[in-house]
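Peer 1: Sharing a structure with you now.
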Amino acid sequence: MKKTQGSSLHQLNQRKRNSVLQDKSAGNGTESHNVKSHTALTYLKSAVKGIFTLFVPGQRKTGSKVVENDDRMNTYKVRELSTSTDSSSDSNKGSTKSNFSHSYASSGGANSQLGPGNFSFEEIYKATAKFSPDNKIGEGGFGTVYKGKLSDGSLVAIKRAKKDVQNKHLSEFKNEINTLSRIEHLNLVRLYGYLEHGDEKIIVVEYVSNGTLREHLDGTRGQVLEIGERLDIAIDVAHAVTYLHMYTDHPIIHRDIKASNILITDNFRAKVADFGFARLAAEDPDATHISTKVKGTAGYVDPDYLRTHQLTEKSDVYSFGVLLVEMITGRHPVEPKRQLSERVTIRWAMQMWKQGEAVVAMDPRLRRSPASNKAIEKVFRLAHQCLAPSRKSRISMKSCAEVLWGIRKEFRDKAFPNPPLDFHHSADFLGRDVRKNKHKSFVSA
Ligand SMILES: Nc1ncnc2c1ncn2[C@@H]1O[C@H](COP(=O)(O)OP(=O)(O)OP(=O)(O)O)[C@@H](O)[C@H]1O
């Protein structure tokens, strides 16, 4: 499915630099969000491009919020963005004129250079080299995903709906586009826009270059993720979902937290994808989705939600618990080929943990040490709190993030008691040599 590019020492150095920058940023309580303003040219262009219907936000910045994650204080701060310059977003709904402007959160590489602009179906067509199979990067319940290169050289992921994607769900989704596309968080994949052209339905999102968490856990992306990296990723996911639950104008329930919806950046941090998308999946009887009213993916769905059909933030917490177990064990939530007692990973792994044998359930590829064993034990305890059968007994997502911070700190302190100044970002700390960082290059028309 994916073409690769080779690894190099340069990539590792780049990665270390990125890690330093990212951690510095977190330490200062200022996550780097790209905030770009409209230009007169943007509006002129959008007025001219009136051919295709584009359901997009009028002004992304109005009233949107950015969370600042202060790693030292274990607190979240929310600040209102104040760069409101545009007319009401409602005025754009169903408009034949594209008044879409997008700022691109950086996912590294070329994307960091992106500026404001707008695009049409023609542009998307060109960006994907006419939806060339060579630019296909994945396939999901919604449809086919392409890597796209816009005329300014910036990269985006383009999700082209299957023809049978439920129109009913799409219309609901369109109503939410304004909200979803205003959400900016370092650990959430940015939604740039949704467009319709004839029977084509397309979602344009931030491109994240280093595959999915599931691919990394499967070992199809080079070296296996070490414990420190898995903790970082779990924290990123917890931050992202906490933000959706607590800091958006209205709480957003992700509904489909799973390892294939966690995208990994070049510096091995996480971005959560597909928030608000779960309902868009096609009703495919062979799909892993459960299709009768309840949406989600088999193995991750909250049993309380299945029973009551009542969706709350705690359904995400349950799925996050499944994800934590997946990250520790490296296994898929359901492993049909294993012996009966091990087929449902959470059941087997939590049993091991309860018997004081957490280390047996630990991914065999992870290095054992007193520090990592302790960390694993504690992540299992947290997973147990997430997986409580009754939603009332489950921990909140914000508390998950806080607990994970503590686990990561203890792990670092134990594993590396006297690190030199830049040690946290060195290959030794990460527990590896130069890693293969493979991802697909772009094919142009
Ligand atoms: N923003 C993105 N950047 C880079 N690759 C992406 C992006 N979004 C999706 N992909 C790739 O496309 C694949 C399919 O993604 P998609 O979100 O459509 O489905 P999924 O989440 O894997 O499955 P489902 O739709 O059943 O939940 C992903 O596994 C990933 O490899």
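Peer 1: Taking the conditions exactly as written (over 14 Å from residue 324 (Cβ atoms) and surrounded by 16 or more Cβ atoms within 10 Å (Cβ to Cβ)), does residue 371 satisfy them or not? Give the derivation first.
Peer 2: On the way: over 14 Å from residue 324 (Cβ atoms): yes; surrounded by 16 or more Cβ atoms within 10 Å (Cβ to Cβ): yes.
The answer is yes for residue 371.
Peer 1: Which of (1) aliphatic (A, V, I, L, M); (2) at pLDDT 95 or above; (3) within 19 Å of residue 335 (Cβ to Cβ); (4) over 14 Å from the mean Cα position of the chain (by Cα) does residue 227 not meet, given it meets every other one?
Peer 2: Of the numbered conditions (1) aliphatic (A, V, I, L, M); (2) at pLDDT 95 or above; (3) within 19 Å of residue 335 (Cβ to Cβ); (4) over 14 Å from the mean Cα position of the chain (by Cα), the odd one out for residue 227 is (3).
Peer 1: Among the residues in the range 336-357, are any out of contact with any helix residue (DSSP H, G or I) (no Cβ under 7 Å at 6 or more places or on another chain) and under 21 Å from residue 225 (Cα atoms)?
Peer 2: Of the residues in the range 336-357, the ones out of contact with any helix residue (DSSP H, G or I) (no Cβ under 7 Å at 6 or more places or on another chain) are 336-340, 343-344, 347, 351, 354-357.
With the extra rule that they be under 21 Å from residue 225 (Cα atoms), the set shrinks to none.
For the range 336-357, residues out of contact with any helix residue (DSSP H, G or I) (no Cβ under 7 Å at 6 or more places or on another chain) and under 21 Å from residue 225 (Cα atoms): absent.
Peer 1: Quick check on the range 236-246. Is at least one of its residues surrounded by fewer than 19 Cβ atoms within 10 Å (Cβ to Cβ) and more than 16 Å from the ligand (Cβ to nearest atom)? Write out each step before concluding.
Peer 2: Start the filter on the range 236-246 by keeping residues that are surrounded by fewer than 19 Cβ atoms within 10 Å (Cβ to Cβ), which leaves 246.
From what's left, more than 16 Å from the ligand (Cβ to nearest atom): 246.
Yes.
Peer 1: When residues of the range 143-159 are filtered for being within 9 Å of the ligand (Cβ to nearest atom) and acidic (Asp, Glu), how many remain?
Peer 2: Total meeting the criteria: 0.
Peer 1: Something else about it: Is one or more of the residues making up the range 141-150 part of a loop (DSSP other than H, G, I, E, B), closer than 16 Å to residue 273 by Cβ, modelled with pLDDT under 85 and in contact with a helix residue (DSSP H, G or I) (Cβ under 8 Å, 6 or more places away or on another chain)?
Peer 2: Kept after step one, since they are part of a loop (DSSP other than H, G, I, E, B), are these residues of the range 141-150: 141-142, 150.
Add one more test, that the residue is closer than 16 Å to residue 273 by Cβ, and what stays is 141-142.
With modelled with pLDDT under 85 added as a condition, the list becomes 141-142.
Retained after the next criterion (residues that are in contact with a helix residue (DSSP H, G or I) (Cβ under 8 Å, 6 or more places away or on another chain)): 141-142.
The answer is yes; a qualifying residue exists.
Peer 1: Separate question: Could you look through the range 292-351, keep only residues that are hydroxyl-bearing (Ser, Thr, Tyr) and more than 27 Å from residue 246 (Cβ to Cβ), and pick out the one that is nearest to the chain's Cα centre (by Cα)?
Peer 2: As a first pass, look at the range 292-351 and keep what is hydroxyl-bearing (Ser, Thr, Tyr): 292, 297, 300, 305, 308, 312, 315, 318-319, 329, 341, 345.
From what is left, the residues that are more than 27 Å from residue 246 (Cβ to Cβ) are 292, 329, 341, 345.
Details: 292: 25, 329: 20, 341: 31, 345: 22 Å.
Among those that are hydroxyl-bearing (Ser, Thr, Tyr) and more than 27 Å from residue 246 (Cβ to Cβ), it is 329.
Peer 1: Related question: Being closer than 23 Å to residue 299 by Cβ, away from the ligand (no atom under 16 Å from the Cβ) and modelled with pLDDT under 95: is that true of residue 254 here?
Peer 2: Numbers: closer than 23 Å to residue 299 by Cβ: yes; away from the ligand (no atom under 16 Å from the Cβ): no; modelled with pLDDT under 95: yes.
In short, no.
Peer 1: Those residues that are assigned to a helix (DSSP H, G or I), more than 15 Å from the ligand (Cβ to nearest atom) and not aliphatic (A, V, I, L, M), I need them from the range 213-235; list them, please.
Peer 2: Of all residues in the range 213-235, those assigned to a helix (DSSP H, G or I) come to 213-218, 227-235.
Cutting the leftovers down to more than 15 Å from the ligand (Cβ to nearest atom) gives us 227-235.
228, 229, 230, 232, listed by residue number.
The values are calculated or read from the model by the stated rules, or taken from the named source; none is laboratory data. Predicted model only: the values in this text are computed from it and were never measured. So basically every Cβ, Gly included, is an ideal-geometry build from the backbone, and we count neighbours across all protein chains shown.
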